[in-house]
Amino acid sequence: MPPKKNKESEGSKGKGKRPAKKNTADDSEPKSKKAKNTSVESEESVEDEEEAGEIDYACTTTCKKWNFKISSWNVNGIRAWLKHGSTLAYMKKEDADVFCIQETKCPEKELPKARNTDRILLISRLCSKVKPLNVSYGIGIAAHDNEGRVITAEFEDFYLVTAYIPNSGRGLERLDYRQGWDKDFRQYLKELDNKKPVVLCGDLNVAHKEIDLANPKTNKKTAGFTKEERQDFTELLEEGFVDSFRHFYPNKTKQYSFWSYMRNSRAKNVGWRLDYFVVSERLVPKLSDSLIRMRVTGSDHCPVVLLLAL
């Protein structure tokens with residue numbers, strides 16, 4: 001996340017379609033050559049439609065049917081997060097097939113004991129109803145792997161990578177390291193993608209475009225919005241990956257997943273979109289929706305959700 005001193009059910013299958021809405025804004029996002037254009041004309045998300053009511057955790061208004069749900073959340077400290085009243089309630093309601101968390105701030109030996117709540121198993125930083133074929137930790141480079149930032153789970157149809165990308169820090173003291181990380185991580189994802197499609201989720205610590213944060217003009221030299229970090233993310237997409245949220249909502253504004261605890265930022269919606277689902281281009285036809293649960297509290301981030309039709 002940016003330095004805090006800066007301002008700023010298994011589920012039911014989706015059956016309905018959103019009403020089409022004419023798109024008048026310019027779209028500067030890279031587009032997958034294989035991307036379907038269904039829903040790109042619509043800028044209404046599920047949460048727009050339910051603003052006055054309950055969150056549609058069953059995701060019944062997605063563009064097309066889905067059968068696999070992944071949820072990702074930067075919890076900003078797992079022990080405090082588990083004590084928050086809404087945490088387990090959210091997990092139960094979302095009822096994701098795979099649930100990933102980042103920024104646990106907890107040594108392995110001090111992790112809370114596993115909890116079982118209606119088939120949802122919380123273990124460390126990745127839990128799944130569907131047993132992965134294999135789970136690995138890190139990216140195979142010792143200089144990066146000592147911080148415990150990456151878990152890769154291999155499923156039959158894809159690799160799921162959940163990651164907490166290094167922050168460049170106040171004064172950009174770790175920007176050089178971050179750029180080295182981005183290069184090495186990009187290569188790691190490319191090697192996985194050569195074997196089978198990849199779903200990357202987590203706090204990627206970058207707001208890619210000006211549309212992805214509330215105050216772009218005053219944050220050009222802030223960690224998470226430097227030209228170097230944004231260019232690195234662009235280069236990742238150019239290697240054959242797609243920002244799933246912008247695939248569905250290329251021009252949708254005021255959609256954030258992180259808000260500073262300072263200056264009442266969340267209530268004012270002065271935020272950043274730092275949490276993503278990035279997928280291999282050839283997975284795009286299997287995407288059903290990409291959601292930001294902006295109304296779910298429990299951290300300075302909110303969960304993001306990916307729906308797939310596998």
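The values are calculated or read from the model by the stated rules, or taken from the named source; none is laboratory data. Because the structure is predicted, anything quoted here is derived from the model rather than measured. Backbone-built Cβ (ideal geometry, glycine too); neighbour counts: all protein chains shown. For accessibility, only protein heavy atoms count, side chains too; no ligands or nucleic acids. Shrake-Rupley method; radii C 1.70, N 1.55, O 1.52, S 1.80 Å.
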If a residue counts only when it is at pLDDT below 90 and over 27 Å from Lys183 (Cα atoms), which strands (runs of 3 or more DSSP E) contained entirely in segment 49-158 have at least 3 such residues?
115-117, 120-122
Do we find that Phe225 is touching a His at 6+ places or on another chain (Cβ under 6 Å) and not charged (D, E, K, R) in this structure?
no
Members of segment 160-174 found to be of a type in the set (A, V, I, L, M) and surrounded by 18 or more Cβ atoms within 10 Å (Cβ to Cβ), listed by number
Leu160, Val161, Ala163, Ile165
Is it fair to say Gln179 is open to solvent by 20 Å² or more (accessible area, probe 1.4 Å) and under 24 Å from Ile292 (Cα atoms)?
no
Residue check, Ala214 open to solvent by 20 Å² or more (accessible area, probe 1.4 Å), more than 30 Å from Asn134 (Cβ to Cβ), out of contact with any helix residue (DSSP H, G or I) (no Cβ under 7 Å at 6 or more places or on another chain) and among the hydrophobic types (A, V, I, L, M, F, W, C)
yes
Could you please give the count of residues in segment 257-310 that are in contact with a Leu (Cβ under 6 Å, 6 or more places away or on another chain) and β-branched (Val, Ile, Thr)?
2
